[in-house]
1. Assuming R0 = 51 Å, what is the FRET efficiency of E55 and E31, from their Cβ-Cβ distance, to the nearest 0.05?
2. In whole percent, and with a 1.4 Å probe on the protein chains, what portion of the accessible area of the stretch 158-199 is carbon and sulfur?
3. Pulled fully out, how much extra length does the chain show between Q202 and R69, if you take 0.36 nm times their separation in residues and subtract their Cα-Cα distance?
Amino acid sequence: MSSPSAPVIAGVSKDQPTVVAYALQEASRLETSLRVVHCYLAHAGDVYVGTDSHETMRAAGVAVLQQARAVVEASPLTVPVDYVLERGTAGPILVEHADDASALVVGADDVNWLARMLGGEVSGLLALTAACPVTVVPRQLSSAESVDGVVVTLDGDTSAPGPLRYGFEQADFRAEDLHVLHATPVATTVEDTALLTARVRQEVARWNAITPQVSSRLSLTNGDALDECFRATAGASLLVIGRPHGHAHLFALTRPVAMLVLREARCAVAIVPAQYGALHRPAVA
């Protein structure tokens, strides 16, 4: 199978079979290659660290990639895979890899790194403006049957087209229902609420026409979108969160509820930019 130039990136920090398996599935879905990346930490003063210490860290990194390779080789999916071991901190390195990627997949254990990354002036800007969705995969995916299927959550600060496209694509691939949850902030005026919900309804209707095989429903609510996101994870196989406009912190990652969503979600959480699909994916026929 020929592979386009936009691979799926799996950023693994240790033995994370769910991250590798999810990224492998994404590469198969997108008909592209998979690049498994592990970064072993370079301390600020590691110029003084002896060669033995450096080689020990590198050997541990090689072992992590070998564990990832074992997951790939045990999978029935066949996609081109390459393994990359880099010395340095994960955030900037993975952002660089994700710059020309179709997707970036990391583990829930990396959520603290994700928060730090999005708080930086340079790396945060790249993460918030890149076309690449970032998916956070929990250590153990729920084995319970999905009730809500794929859930797309939107609020007044997010743009609907990219996240909805991603949600419909995922629901179609998984043969699951799609639940679109649009929450307007409590203080939103009646006029603004009507405008926002009309736009979401229009976009959902457009994708319903494009992918009629996907059964979808739209829920409109006023309230804290983060609380709604957290409740939505209970019955979802995938939670899709729209990325905010501008350079604001990603749905205020420092807020306890947002951190709880990523840490405690029993399903994968995909953070999708508004322009998803504009650069790497052809229009859905």
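The values are calculated or read from the model by the stated rules, or taken from the named source; none is laboratory data. As the structure is a prediction and not an experimental result, all values here were calculated from the model. Glycine also receives a Cβ, built like all others from the backbone with ideal geometry; neighbour counts cover every protein chain displayed. With ligands, DNA and RNA removed, areas are computed over all heavy atoms of the protein, side chains included. Shrake-Rupley method; radii C 1.70, N 1.55, O 1.52, S 1.80 Å.
1. Working: r = 38 Å, r/R0 = 0.75.
The formula returns an efficiency of 0.85 here.
2. Numbers: 1100 of 1800 Å².
Its accessible area is 61 percent carbon and sulfur atoms.
3. Working: separation 133, 0.36 × 133 = 47.88 nm, distance 4.39 nm.
Between Q202 and R69, full extension yields an extra 43.5 nm.
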